[in-house]
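Here the structure is laid out as structure tokens; the discussion comes afterwards.
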Amino acid sequence: MPLLGAGVLVAGFLLGSQENPQGIIPNEWIANLVGGNSVFANFFASISGAFMYFATLTEIPILQGLINSGMGKCPALVLLLAGPALSLPNMLVIRSVIGTKKTVVYVSLVVVMATISGLIYGMIF
């Protein structure tokens, strides 16, 4: 529980809040990387989500901070799709069970499908 609270607190300082959207990380950096619905923004969000470990209760506050800092809704969706399916510890465990080649295929499929889902969501909405 203390680590969860500390993680949300640090994310708040780094990303800002609704009352004060400017955090330690400049909003321009976030808007340049994951703003809008470009292929790069969705792919970057997918790769970031794949390697991050999100505890269940921290996904929403972190995403809210990112959206307040300039993240687009499509990359936010992509991050929510790729994050629970993958993480670096998860990849290491999967590799030990099914092997390197199958793990690479699984990770690639999750990243590509999350990116495509974000692009389709952006075209529809």
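Overview of results
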{"read-out": "Residue-averaged [θ]222 nm for the chain, counting only DSSP H segments that reach four residues, each worth -39500 (n - 2.57)", "value": "-24000 deg cm²/dmol"}
{"read-out": "Alpha carbon centroid spacing (whole Å) that separates region 69-86 from region 41-61", "value": "6"}
{"read-out": "Residue order, fewest to most beta carbons within 10 Å, for MET113, MET71", "value": "MET113, MET71"}
{"read-out": "Peptide ranges 26-33, 63-70 listed from the most packed, as the mean C-beta count within 10 angstrom indicates", "value": "63-70, 26-33"}
{"read-out": "Region 34-125: relative contact order as a whole-number percent, Cα under 8 Å and 6+ apart", "value": "41"}
{"read-out": "Span-like helix ranges in the chain, DSSP H, alpha carbon extent 24 angstrom or more, Kyte mean at least 0.5", "value": "100-124"}
{"read-out": "Length released on extending from VAL8 to VAL105, taking residue separation times 0.36 nm less the Cα-Cα span", "value": "31.7 nm"}
{"read-out": "Qualifying chymotrypsin sites (Phe, Trp or Tyr not before Pro) in region 44-108, DSSP loop, other Cβ atoms within 10 Å at most 14", "value": "TYR53"}
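Throughout, read-outs are computed from the coordinates displayed, never taken from laboratory work. Model, not experiment: these values are computed from the prediction. Every residue, glycine among them, receives a Cβ derived from its backbone with ideal geometry; neighbour counts consider all protein chains shown.
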